[in-house]
Structure formats: structure tokens, C-alpha cells
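Visitor: Provided herewith is a single structure, encoded as C-alpha cells, for subsequent inquiry.
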Amino acid sequence: MVPMSEVNWKCFRCNLSFKDENIADIHKKISNHSITKIKPIVA
């Protein structure tokens, strides 16, 4: 089983989640949307 990363980044406007902060930053620059740092919940 592959452990999930401790932190993800989410664009609530597009409903997209990113595991890599660099990709989230690219999305932020291209779309001008805000990105929120989230901690995924593992049940």
C-alpha cells in the first residue's frame, strides 16, 4: 500500500487536487485561482 502524502493542495474553484506544490503553483499562475493547502483524511 502506498502512503498518501501528508499535504495536498486544492483549487476549490476547479475542484482539482494536487500532490505536488510546483504543479499547484503552475495552476495558480495560469488560472489566477487561489490554492489551499489541505491534509487528506485517511479512514
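Visitor: Quickly rank 30-43, 12-25 as a protection proxy: mean count of other C-beta atoms within 10 Å, highest first.
Guide: Values: 30-43: 10.2, 12-25: 12.8.
Result, highest mean first: 12-25, 30-43.
Visitor: Label SER34 and ASP20 with points 7 Å out from Cα along Cα→Cβ: what is the distance between them in nm?
Guide: Those two pseudo-labels are separated by 2.6 nm.
Visitor: Moving on. When Lys and Arg each count +1 and Asp and Glu each count -1, what net charge do the other residues less than 15 Å away from LYS29, Cβ to Cβ, add up to? Please list the in-between numbers first.
Guide: Details: positive: ARG13, LYS28; negative: ASP20, GLU21, ASP25.
Net of charged neighbours comes to -1.
Visitor: Could you work out how far helix 21-31 tilts from the main Cα principal axis of the chain, as a 0 to 90 degree angle to the nearest 10?
Guide: In the chain, helix 21-31 runs at an angle near 30 degrees to the longest axis.
Any read-out appearing in this document is the output of simple, stated calculations on the displayed coordinates, not a laboratory observation. For clarity, every value in this text was computed on a predicted model and none was experimentally measured. Heads up, the Cβs are rebuilt from the backbone with ideal geometry, glycines too, and the neighbour counts pull from every protein chain shown.
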